[in-house]
Amino acid sequence: MKKTVLINASFLVEVEETEVHKDFGMIDQITNELFHDQKIRIGTNEVNVEWESCSTVILDPVSMNCGQCATCRRWTTDREKSNPLLQLCNGATFEGKLLCDECLPEDHRWSF
């Protein structure tokens, strides 16, 4: 018996502000390139991967729980605050700085 599994993938792209709300602008063109049905070979098995949906979010650290890691500049969300963006890597504020899971101290709850 087979089960259907939804796999979500998140990509980050930097575009000029003028592209953000443009009809069939850079964001739409990039999205179209990323999401095609395809066959993937895993060992000797071939798996059909079918596009289902996509969405875009304009990251805004002022109004959303997100920001760039103070050490490596990777986008992250503070899992210890409300409304984390689960599409971003886990992070937390440590000693007053937002750090991603890779830059947090090893013994921190959200460290990778």
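With respect to the numbered conditions (1) modelled with pLDDT of 95 or more; (2) polar (S, T, N, Q); (3) open to solvent by 60 Å² or more (accessible area, probe 1.4 Å); (4) out of contact with any Leu (no Cβ under 8 Å at 6 or more places or on another chain), which one is the sole condition not fulfilled by Asn90?
(3)
Applying the selection to the range 93-112, what residues are open to solvent by 40 Å² or more (accessible area, probe 1.4 Å) and among the polar types (S, T, N, Q)?
Passing the criteria: only Thr93.
The values are calculated or read from the model by the stated rules, or taken from the named source; none is laboratory data. What you see is a predicted model; the values in this text were computed from it and never measured. Cβ atoms come from the backbone with ideal geometry, glycine included; neighbour counts cover every protein chain shown. Calculation scope for accessible area: heavy atoms of the full protein, side chains included, ligands and nucleic acids excluded. Shrake-Rupley method; radii C 1.70, N 1.55, O 1.52, S 1.80 Å.
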